[in-house]
Amino acid sequence: MSPLLVALLGVYLIPLFVATWRTSLFGLASQGLLMAAIAHRLEPALDTPAAWLTLFDLALVRGVAAPLALYTVLLARNAPARNDLIPPNLLSWTFALGMVLASFSFAERLVGEGGDQQTLVAVASTGVMLGFLVLSTRSGPFSQMVGALRIENAIALLELGGERHEQPLAIQVGMLGVFIATIAFFRFYLRTLDPRALAANEGATAPEGPTL
């Protein structure tokens, strides 16, 4: 499972440095698909409705439907290609990399024994912290949506690594319904925005400034 977790860490970081909205959506899609692969590794039998629902949530809803729903809107609105999830300067990049190191240090303290469980906690903590970094540094609607979805995906990853217990199916269905409704609201809101307002909010038309 470690290669999957390393790949997941990569898709957390790459969209922060490759500043396009397509890369951000590709990152969200990759997060969902990789988490689905991790869930299948943890419970390969798929002998319960809950296991199938988890796989459906991660692979189809988070990995395909949610990024595609936002992609079609941004493409139709002719959104500017550039979209910085964090300010494009050395200070922000240092913060992002520092959060990765802090997450692994936190995981070592939380999970004493090394292994996949410790790595999973570290990667999930990284996802939460980077999501909050996006929320705290960018005010554009799309960036805020991506930040919120990053945090939601990281929480879902942490749930996968927790103690295995039978969760009521109704609760799982309800949580999935809330997530789908959230994506529908995000899509609706992006459709209502004027393309020029969207570009301005995301900083696409801002002039180049100093690196620091």
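Tabulated data
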read-out	value
Qualifying residues in the stretch 129-144 (those that are out of contact with any Lys or Arg (no Cβ under 8 Å at 6 or more places or on another chain) and within 18 Å of ILE14 (Cβ to Cβ)) - the one surrounded by the most Cβ atoms within 10 Å (Cβ to Cβ)	PHE142
ALA81, sole failed condition from (1) touching a Phe, Trp or Tyr at 6+ places or on another chain (Cβ under 9 Å); (2) in contact (Cβ under 8 Å) with a residue 40 or more places away in the chain; (3) surrounded by 16 or more Cβ atoms within 10 Å (Cβ to Cβ)	(3)
Candidates LEU133, LEU55 - the one that is under 23 Å from GLY161 (Cβ atoms), touching a His at 6+ places or on another chain (Cβ under 7 Å) and of a type in the set (A, V, I, L, M, F, W, C)	LEU55
For PHE26: the one exception among (1) surrounded by fewer than 17 Cβ atoms within 10 Å (Cβ to Cβ); (2) touching a residue at least 24 places away in the same chain (Cβ under 8 Å)	(1)
Qualifying residue in the stretch 79-88 (condition: farther than 19 Å from ILE38 by Cβ and modelled with pLDDT of 95 or more)	no
Only one of SER143, SER105 that is at pLDDT 90 or above and within 20 Å of ALA184 (Cβ to Cβ)	SER143
Which numbered condition THR72 misses (of (1) closer than 20 Å to LEU190 by Cα; (2) surrounded by 15 or more Cβ atoms within 10 Å (Cβ to Cβ))	(2)
Residue in the stretch 176-197 that is outside any loop (DSSP other than H, G, I, E, B), at pLDDT below 80 and surrounded by 13 or more Cβ atoms within 10 Å (Cβ to Cβ) present	yes
Whichever residue in the stretch 146-175 is among the charged types (D, E, K, R) and at pLDDT 90 or above and, among such residues, is surrounded by the most Cβ atoms within 10 Å (Cβ to Cβ)	ARG150
Residue check for ALA37: under 16 Å from the mean Cα position of the chain (by Cα), crowded, with 16+ Cβ neighbours inside 10 Å and closer than 22 Å to LEU176 by Cα	yes
Near pairs, Cβ below 8 angstrom, 6+ apart or cross-chain, from the stretch 107-123 (farther than 11 Å from LEU5 by Cα) to any residue that is in a helix (DSSP H, G or I) and β-branched (Val, Ile, Thr)	ALA107/THR119; ALA107/VAL121; LEU110/VAL121; VAL111/VAL121
Some residue of the stretch 47-63 being surrounded by 17 or more Cβ atoms within 10 Å (Cβ to Cβ), of a type in the set (Asp, Glu) and at pLDDT below 90	no
Filter pass, GLU113 being farther than 26 Å from PHE186 by Cα, outside any helix (DSSP H, G or I) and of a type outside the set (A, V, I, L, M)	yes
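The values are calculated or read from the model by the stated rules, or taken from the named source; none is laboratory data. Note that the coordinates shown come from a computational prediction; the quantities given were computed from them, not determined experimentally. Every residue, glycine as well, gets a Cβ built from its backbone with ideal geometry; the counts of neighbours run over all protein chains shown.
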